[in-house]
Every structure is written in C-alpha cells, then in structure tokens.
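Worksheet: one structure, shown below.
The values are calculated or read from the model by the stated rules, or taken from the named source; none is laboratory data. Everything numeric here is computed off the predicted structure, so don't read it as measured data. Every residue, glycine among them, receives a Cβ derived from its backbone with ideal geometry; neighbour counts consider all protein chains shown. What goes into the accessible areas is simple: the full protein's heavy atoms, side chains included, and nothing from ligands, DNA or RNA. Shrake-Rupley method; radii C 1.70, N 1.55, O 1.52, S 1.80 Å.
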Amino acid sequence: MSINPDLQGRSYPAAEVYDVGREKIREFAKAVKAGNPAHFDVEAAKALGHSDLVAPPTFAIIVAQRADAQLVEDPESGIDFSRVVHADQRFTHHRAIVAGDRLVAELHVDGVRAMGGGAMITTRSEISTEAGEKVATTTSSILVRGEGQ
C-alpha cells in the first residue's frame, strides 16, 4: 500500500492524558545524560522558579510520539512502520514541562511529499495541558521508504 496523499491537512485529536511524574523526569534525564540538578532535585527546581522538577527539553518527544502513533496506526495512512526512517525533529517550548503536568497532544499532518517510491511526511504536535495551556510544539519528519528501498 502506498502513502495516502490525502493525509496532508488531516488532524488527530488529543487522545489520552500523559501524567508527568518526578520519576519519569529523573529516568529520562538520566537516559539522555542531562545533568541539571533541576531534573533530579525539587529544591533545585524551585530555586529556579519552577513548581516541581523540570523535564529536559527533549522530554516532549514522549508525548509527541503518542500523538504520532495515531497516524502510524491509522489504516488509511498506508504507513508501514518497518519502512520508516526518522528524518528530523524540532521543539518549540512555550513553557517548561514540570512534574505534575497532565499533557495532551493534537497531531497535524502538515506535509506529504512523494519521494521516489516512498514519501516524506511532516507532522506537528501541539502539546498542551489538559486545561488547554500551550506547553510545546514539536515538528517531525519521517521518510517512509518505498518497496525495494
């Protein structure tokens, strides 16, 4: 099945809430070797003006990938995940992600461009709190390789 060009302009609504917990932040920070004490120590985070532990900037990928899954799992998309190569990822932060946040992400398919036998798909996840406060915007591009590539 080829990539559905009608994906461009499609949006996927925010799905389940992601609860940002202290241990999730600590584990992520350790995994990405982010050494700022505000990722591990509540008092260090508060000294910087935050209400709780602060997540490293790339933590937003966890919430964004949950939104991306809606597109990949959509049977109308034509995406075979075994053929996906991650091409680009960008983050725009509107405020820091902190422990205690309850986040959701709405996914927008901003571009679908045929490339050889495959396609480049660009998506944008608008991440916000459950109450609607904007937290981050992530932009991602994936290349879906065609048959024989």
Checklist line | Single residue of GLY146, GLY100, GLY117 found to be more than 14 Å from GLN8 (Cα to Cα), modelled with pLDDT under 95, over 16 Å from the mean Cα position of the chain (by Cα) and surrounded by fewer than 15 Cβ atoms within 10 Å (Cβ to Cβ) | finding: GLY117
Notebook entry, point to check: Just one of ARG66, ARG90 is basic (Lys, Arg), buried (at least 16 other Cβ atoms within 10 Å of the Cβ) and either touching a residue at least 12 places away in the same chain (Cβ under 8 Å) or in contact with a strand residue (DSSP E or B) (Cβ under 9 Å, 6 or more places away or on another chain) (or both); which is it?
Noted result: ARG66
Item checked: Subset of region 18-38 [under 17 Å from VAL135 (Cα atoms) and assigned to a helix (DSSP H, G or I)] -> ILE25
Notebook entry, point to check: How many residues are over 11 Å from VAL109 (Cα atoms), hydrophobic (A, V, I, L, M, F, W, C) and open to solvent by less than 60 Å² (accessible area, probe 1.4 Å) if we restrict to region 1-19?
Noted result: 3
Note to self: Looking only at region 39-69, how many residues end up being of a type in the set (A, V, I, L, M, F, W, C), in a helix (DSSP H, G or I) and within 15 Å of the chain's Cα centre (by Cα)?
What the structure shows: 8
Note to self: Whether any residue in region 75-82 is in a helix (DSSP H, G or I), open to solvent by 20 Å² or more (accessible area, probe 1.4 Å) and either more than 30 Å from ARG145 (Cβ to Cβ) or out of contact with any helix residue (DSSP H, G or I) (no Cβ under 8 Å at 6 or more places or on another chain) (or both) is what I want to check.
What the structure shows: yes
Note to self: Of the conditions (1) in contact (Cβ under 8 Å) with a residue 12 or more places away in the chain; (2) more than 17 Å from the chain's Cα centre (by Cα); (3) farther than 19 Å from LYS134 by Cβ; (4) open to solvent by 20 Å² or more (accessible area, probe 1.4 Å), VAL72 satisfies every one except a single condition; which number is it?
What the structure shows: (2)
